[in-house]
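Derivation of every value follows stated rules applied to the coordinates shown; laboratory data play no part. Computed from a prediction, not measured in an experiment: that's the story for all the values here. Cβ placement follows ideal geometry from the backbone for every residue including glycine, while neighbour counts extend to all protein chains displayed.
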């Protein structure tokens, strides 16, 4: 159950778009359309923002979008806002019937 | 409004045991799988365990398999995590979370977490 690979940090200016990658293997990201993304602000519980690769829960801004190609999933945030500054984690179902998180990416809005 | 309230965290010595509880409200508890996710201080999220809505099946991370047991009392809308043989690396904030479906799935609601400290 190795953690999925995410960049440690990304940054962008307000209004710009950024993309966070999440790389796994055929046994997790590449094998199933069960990739999700969570946003976590400091001291707060995580919040689900994308599930099943590209679906947004009710109430989540359409500035957040998800996709997948092969063993790599991606989260794109468009129209970057200061409130988007947070940690972002990907998660995938695995062939062992478990779930695995990525190491997390710190997004800085410049 | 969905609410998940964890309790049972605290200080425990290495090798000791602790039982976490999560009281759920605001949704039909018996219809959804539930799970636990932990976060060590300053570190990332780690999935710990999930249990299906009926309580019949549970899955565990390799790091806790054989030491932790997840269970639920559907009559009391409560989720549990029995943690035995605790190690220093188990020290973390433990979050209770509700799944999107009755099966193991993504977590759409989370509690505020309960801190488990493992130290002598």
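When the convex hull of the C-alpha atoms of chain A is computed, what volume per residue in Å³ does it have? Walk me through the numbers on the way to the answer.
On the way: hull volume 10.0 nm³, N = 110.
Considering the Cα atoms of chain A, their hull volume per residue is 91 Å³.
Summarise the partner chain shielding of A:91-97 as one whole number: the mean count of Cβ atoms from other chains within 10 Å of each residue's Cβ. Write out the running numbers ahead of the final one.
Numbers: counts 5, 2, 3, 2, 0, 4, 5.
Mean inter-chain Cβ contacts per residue within 10 Å come to 3.
Just checking the output field for A:32-39: average partner chain Cβ neighbours within 10 Å of each residue's Cβ?
Details: counts 0, 0, 3, 1, 5, 1, 5, 0.
The shielding value for this peptide is 2.
Which order, highest average first, do A:77-85, A:11-19, A:27-35 follow once you tally other Cβ atoms within 10 Å for each residue and take the mean per peptide? Don't skip to the end; give the middle numbers.
On the way: A:77-85: 15.1, A:11-19: 13.1, A:27-35: 20.1.
In descending order of packing, they fall as A:27-35, A:77-85, A:11-19.
Which three semi-axes in whole Å describe the equivalent ellipsoid of chain B, each the square root of 5 times a Cα gyration tensor eigenvalue, listed largest first? Mind dumping the intermediate values first?
Working: eigenvalues 104, 39, 33 Å².
Result for chain B: semi-axes of 23, 14, 13 Å.
From Cα pairs below 8 angstrom and at least 6 apart in sequence, can you work out the relative contact order of chain A, rounded to a whole percent? Intermediate results must be reported in sequence, preceding the final value.
Details: 278 pairs, mean separation 41.9, N = 110.
About 38 percent, as a whole number.
Over all residues in B:49-60, what is the mean tally of Cβ atoms on other chains that come within 10 Å of each residue's Cβ?
On the way: counts 2, 3, 0, 0, 0, 0, 0, 0, 1, 0, 5, 2.
Taking all residues of B:49-60 together, the mean is 1.
Rg and Dmax of the protein assembly as shown, using alpha carbons, in Å: what are they?
Using the Cα atoms of the protein assembly as shown, the pair Rg, Dmax is 17.2, 51 Å.
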